[in-house]
Structure formats: C-alpha cells, structure tokens
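A.B. asks: This is the structure I want to talk about, given as structure tokens.
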Amino acid sequence: MFKKIQAKLQTFAGAMMVPIILLVMVGFFVGIGSAFTNYILEPGGFFYNIFSMLASCGFFFMNTLSMWFAVAIAFTLAKKEKGWAAFAGLVLFFTYTAGIGNWASLNGVTQETIAIENLMASGMTMEAAMNYNALFGDFLGIFTYNMGMFSGLIVGLVAALVHNKFVDTKLPEMFGFFAGTKTVIIMVTILSVPLAIITYYVWPFIGGALQAITTFIGESGLLGTFVFGTLDKALLPFGLHHLIAFPIEYSKVGGTMTIDGVVYEGVKNIINGQAASKTATGYITRNFTNGRLLFQLGGIPGAALAMYKCANKENRKAVASLLLPAVFTLMMVGISEPFEYTFLFAAPQLYWLVYAPLCGICYVLAEITKISINGTALFFMIPNLFQPQKVHAMSALWLIPLMFVVYYAVFRFMIVKFDLQTPGRGEAQVHLFSKKEYREKDGANTVSTAEDSLEARIIEALGGPENIETVTNCATRLRVTVKDDSIVASDDDWKNYLKAVGVVRGDKSLQIIYGVQVQNITTKVKDILNID
C-alpha cells in the first residue's frame, strides 16, 4: 500500500515540475526587464519598450501560474492523447474558476459584499473580516476564490483522472463524433459544476488551514526554517520534495507581501515582485531558498573533496571524473541529484543523518545572517548583476568557505570512522562498464545489448516495449510506469551499465536519475516506442 501511494505521489510531484521553465523565465524576464526599465533606460525609447514587454511577460506567467499548473499536470498525468488532456485541463480550469464565482454571486457573495468595511458593518471583527476577504481574488477578470497554485493542482489532477477514464469511450454511431477525446471535454465541463459548488463550501476551511500553517511557519522562526530545509533534502530520494517546496515558494503558505500596492504570495513570487519594484531596497531574508546558496556553492563541493580524498589512490582519477561534472552542474544550475545519488545508495545513513540536517543548518545560517539574493545557482543569479543594490549577501563570502570546510570535515570523518562505501572505496564501483564487460558478466541477461543506443538498452531494461505503460521526465529523472516491475533490471544494472545515477522504485513505477540530459533521453525513448 505504501509503495502504491508513494508511486502516485511521485508521479504527481513530477508533474508539478513541468511548468518549471515558466518559473525560470519569470525570474529572468522580471529581474532583467525591470532593471533596465527602472534604473538604466529612459521611458519611451525602443529598447525601453522591449524590456518593458519582457517584464510584462514575466508578470503574466507569474499571475497566471495556477492555469499553467492545470495544463501541465493534466498533460503529464495523461496516459495517451496528451494534447487533448492539456486542452481538457484548460477548459476545466476556466469553467471551474468561473463556476466558483457564479455560485458565490448566487449566494450573495460579490466583490462589494466582501469588502472589509462591509463585512465589519455586518458584525465581523477586523481580523475575521480581513481573513474572509483574503479568501477571494480575481483571475483574468473573473471573481473567484484566491486559491493560488492549488486551483491548478486540483484542476490538473481531476482533468487527468477524467481524461484517462473516458479517453477510450465508444458511443453509438449516430453520436460517434462525441466519442473518445470529445467525451473528455464534455465530461470535464459537466464536472466543473459540482466541483465548483463543493469547492465553494470546502475551500474556506482549507484556506483557514493554510492561513494557520502560514502563521505557524511565521511564528516558528528558525525551527521552521530548519525543518523545511531538512525535509526538502530528506524527501528528495522519494521524489516528493516538490510537495513541500512548491507551496512555500509559490503560495501563501510561504507568506504574503504587499509591494507597490500588489499582494504577492510565496517567497519566489515575492522576490520577483521586489525585483520589479523601484522602491524595494532588497529581497526578503526569510525566503527558504537562500540556504541553498551555502551548500550548493560551498558545502557539496567540500563533501565531494572528502569523497575524493577518502577514495583509494588508484581510484581517485575515476572518482574525480565522476564528481567534477556533478559538482559543476550543481553550481551552475542547482541540480544536486547527480552528486547526491553518488553516495545515497552506498551510504544512506550519511545522507539522512548527516547531509540532510547539514543542509537544514545552511538554511538557518542564511536567515540568521540575513542573506538576501535572487537565485541560488550561478546561472539563475545573473539578474542580480543588473540590480546589485538589492543584494545583501556579504555574509555569504565567509559562510560559503566555512560550509566547504564543515562539509569536508564531517564527511571525511564519517566516511573513515564508519568505513562507508562511497565511490572509490573498497568494492564500490566508480566507472561505467563497457559493453564487453557487461556481456562477460555472469547472469547479467536482463539488459539486451542488441542495440548500440543507450535508449534502446533502457527500453530492454524496462522489460521491453510491451511492458512499458507511460514515459515522462522531470528536470533530472526519467519517470516510467510498467505493467510488471519484476522483470525490470536491477538497481546495480541501471547504475553500472545504463549510465544512471540512481533509481527510485514505487509500485510498478520507476524514477531513473540521469541528470540534466534526461530530456534528450526521454525524447529518444519515446521516438523508439512511438509514444506521442
């Protein structure tokens, strides 16, 4: 049962990563566009107008983020006809969003009646009136609940479930035009009515719970920061870390702030709002992401050096060739999994008992010393170059080398003290086997070598085309569901012969970690399988 639940959560968490490209564009478009329009260029010129349009694009993506989540999740979770699933997600999102507002108006709830002064006149206290008013908002001119990214998550999940249920529907010949994918569109439209009505009555309780969580996080101080930072890493091996990070970063759970008269929810959105503001003098110090700056640029390189030093001398060259690309990828774009999986499976106690808490401490140190910066990987920190006056990160100049030393000392002590089998120690493998070595390995017949391409061998390792049901990916993982997981290659085969960094298994589902090249691998696998 646990594996079934884990598999479904992994798939859902992976779907949440699809619109991540929009979030990257928001940071660049708003940060750089606003810098030029606010501080560098005079209004009215050609280039001023171009950069103004870039900033507007960024804000459009940010203000409509819930819609993109709905489309992306429906698309990702659909098993076939993904284009129609995305369309169904868009249709359901607007009918559902408008439906909530329509039902509210039928019950006498309008933009006028929820005004704080009107609510107080009806007998509400100031605090109660403000909390109730905060439940409502406006989406592209539609009066509805202010659900943030949660409306997109709900719609995307429901649209995908309906699509997968009805996409193969057959109807009598006279109604044949409405069969299959058209049935899905009809069903999501009809379903939007009860879904909107249920949400109208249920969301105030959910919204109140979210407000309570926000209050707890705000009042818990450094303890809440440490718990978030530790869980963010502790859940990564299960593929569930996005479930805790995204609400903090893109919803009111991570806090709210009014900037130039506009209310922003979630730490990433708040930072983008500050990047666009002329009056903002810096970024928030408690943004739950600044801690990544310390371990991505300091701590993990120190841990990598410890692994290198602890490897057998004859293996150090191979260990360096394994770790250096992983560390470089991490520092440039913030993808840490290639490094983390080099020791997670060999020394899990090192990961959960040492590495995750150390990362939690980095979040706390960043908050204590008031580090305030936009982005935590070198590539995504480029917008800071255009607005350096908003960056407050002098403490990072000594914290980054400090964490390098701390991670190095702790990792080296743990590896030597407990003889942990990190890469290059004892029997731990640090190289990818050749095809010849694989053929000569006794009993290694789970992976066919009839094809030279990595993607063809991946398909065979998954039990062949007939055993594969769905193929998707997130930023670093090939995500696959299969009919029979007993015939899938072992974890050792994936790591030793198929160039994977690691494998996370669920109930008939796998996450195979390949790092940043996973998108190309996924595309080629789909081409071979003829999957849309």
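The values are calculated or read from the model by the stated rules, or taken from the named source; none is laboratory data. Computed from a predicted structure; not experimentally measured. Note that each Cβ is placed from the backbone with ideal geometry, even for glycine, and that neighbours are counted across all protein chains shown.
A.B. asks: Quick one: would you say residue 327 is of a type in the set (Val, Ile, Thr) and closer than 24 Å to residue 368 by Cα?
C.D. replies: So residue 327 fails the test.
A.B. asks: Follow-up. Show the residue pairs meeting these rules: Cβ distance below 9 Å; 6+ apart or different chains; first residue within segment 113-136 and over 22 Å from residue 262 (Cα atoms); second residue small (Gly, Ala, Ser) and buried (at least 17 other Cβ atoms within 10 Å of the Cβ).
C.D. replies: What qualifies is 120/129; 122/129.
A.B. asks: Looking at (1) closer than 25 Å to residue 273 by Cβ; (2) out of contact with any Leu (no Cβ under 8 Å at 6 or more places or on another chain), can you tell me which one residue 330 breaks?
C.D. replies: Failing condition for residue 330: (1).
A.B. asks: Right, something else. Looking at this structure, is residue 228 part of a helix (DSSP H, G or I), among the hydrophobic types (A, V, I, L, M, F, W, C), farther than 23 Å from residue 137 by Cβ and in contact (Cβ under 8 Å) with a residue 24 or more places away in the chain? First the steps, then the outcome.
C.D. replies: On the way: part of a helix (DSSP H, G or I): yes; among the hydrophobic types (A, V, I, L, M, F, W, C): yes; farther than 23 Å from residue 137 by Cβ: yes; in contact (Cβ under 8 Å) with a residue 24 or more places away in the chain: yes.
It is true that residue 228 is part of a helix (DSSP H, G or I), among the hydrophobic types (A, V, I, L, M, F, W, C), farther than 23 Å from residue 137 by Cβ and in contact (Cβ under 8 Å) with a residue 24 or more places away in the chain.
A.B. asks: Quick test of your reading of the structure: residue 255 fulfils all but one of (1) in contact with a Phe, Trp or Tyr (Cβ under 7 Å, 6 or more places away or on another chain); (2) surrounded by fewer than 22 Cβ atoms within 10 Å (Cβ to Cβ); (3) closer than 24 Å to residue 67 by Cβ. Name the failing condition by number.
C.D. replies: That leaves (1) as the condition not met.
A.B. asks: Looking at segment 138-149 only, could you name the residues that are surrounded by fewer than 22 Cβ atoms within 10 Å (Cβ to Cβ) and closer than 16 Å to residue 202 by Cα? Let's see the steps before the verdict.
C.D. replies: Pass one, segment 138-149, residues surrounded by fewer than 22 Cβ atoms within 10 Å (Cβ to Cβ): 138-143, 146.
Within segment 138-149, just 146 meets the criteria.
A.B. asks: For residues that are at pLDDT 90 or above, of a type in the set (Ser, Thr, Tyr) and in a loop (DSSP other than H, G, I, E, B), tally how many sit in segment 348-387.
C.D. replies: 1
A.B. asks: Also, quick follow-up: For segment 45-137, which fully contained helices (runs of 4 or more DSSP H) count at least 2 residues that are at pLDDT below 90 and either assigned by TED's automatic domain parsing to the domain that holds residue 191 or within 30 Å of residue 33 (Cα to Cα) (or both)? Step through it out loud before you land on a result.
C.D. replies: Details: elements: 46-63, 65-77, 82-106, 116-121, 126-133.
It comes to 46-63, 65-77, 116-121, 126-133.
A.B. asks: Right, something else. Please name all residue pairs, on different chains or six or more residues apart, with Cβ atoms under 7 Å, provided the first residue is in segment 257-271 and is aromatic (Phe, Trp, Tyr) and the second residue is loosely packed, with under 15 Cβ neighbours inside 10 Å and part of a helix (DSSP H, G or I).
C.D. replies: The qualifying pairs do not exist here.
A.B. asks: Of all residues being assigned to a helix (DSSP H, G or I) and hydroxyl-bearing (Ser, Thr, Tyr) in segment 494-532, which is farthest from the chain's Cα centre (by Cα)? Just the residue, please.
C.D. replies: In the first step, residues of segment 494-532 are kept if they are assigned to a helix (DSSP H, G or I); the result is 494-497, 515-529.
After this cut, where a residue has to be hydroxyl-bearing (Ser, Thr, Tyr) as well, the list is 497, 522-523.
Working: 497: 28, 522: 18, 523: 20 Å.
Per the stated criteria, the residue is 497.
A.B. asks: Related question: How many residues are surrounded by fewer than 23 Cβ atoms within 10 Å (Cβ to Cβ) and either closer than 25 Å to residue 223 by Cβ or touching a Phe, Trp or Tyr at 6+ places or on another chain (Cβ under 7 Å) (or both) if we restrict to segment 344-357?
C.D. replies: 9
A.B. asks: Which residues, counting only those in segment 107-131, are over 25 Å from residue 95 (Cβ atoms) and surrounded by 12 or more Cβ atoms within 10 Å (Cβ to Cβ)?
C.D. replies: Step one: of segment 107-131, the residues over 25 Å from residue 95 (Cβ atoms) are 115-131.
The answer is 115, 116, 118, 119, 120, 124, 128, 129, 130, 131.
A.B. asks: Right, here's the next one. What are the residues in segment 315-355 that are touching a Ser or Thr at 6+ places or on another chain (Cβ under 7 Å) and within 27 Å of residue 391 (Cα to Cα), if any?
C.D. replies: Residues satisfying the conditions are 330, 334, 335.
A.B. asks: Now for a separate question. Could you say whether any residue in segment 282-305 is in a helix (DSSP H, G or I), closer than 30 Å to residue 147 by Cβ and in contact (Cβ under 8 Å) with a residue 40 or more places away in the chain?
C.D. replies: Yes, some residue in segment 282-305 is in a helix (DSSP H, G or I), closer than 30 Å to residue 147 by Cβ and in contact (Cβ under 8 Å) with a residue 40 or more places away in the chain.
A.B. asks: Which condition number in (1) of a type outside the set (Phe, Trp, Tyr); (2) touching a residue at least 12 places away in the same chain (Cβ under 8 Å); (3) outside any loop (DSSP other than H, G, I, E, B) is the one that residue 169 fails?
C.D. replies: (3)
A.B. asks: Would you pick out the residues in segment 309-326 that are in a helix (DSSP H, G or I) and surrounded by fewer than 20 Cβ atoms within 10 Å (Cβ to Cβ)?
C.D. replies: Passing the criteria: 309, 313, 314, 315, 316, 317, 318, 320, 321, 324, 325.
A.B. asks: I would also like to ask the following. So, residue 221, is that one on the phi > 0 side of the Ramachandran plot, outside the structural domain of residue 356 (by TED's automatic domain parsing) and not basic (Lys, Arg) or not? Can you show your working first?
C.D. replies: Numbers: on the phi > 0 side of the Ramachandran plot: yes; outside the structural domain of residue 356 (by TED's automatic domain parsing): yes; not basic (Lys, Arg): yes.
Answer is yes for this residue.
A.B. asks: Let me spell it out: the conditions are (1) within 19 Å of residue 420 (Cβ to Cβ); (2) out of contact with any Lys or Arg (no Cβ under 8 Å at 6 or more places or on another chain); (3) surrounded by fewer than 23 Cβ atoms within 10 Å (Cβ to Cβ); (4) of a type outside the set (Asp, Glu), and residue 245 meets all of them except one. Which number is the exception?
C.D. replies: Every condition holds for residue 245 apart from (1).
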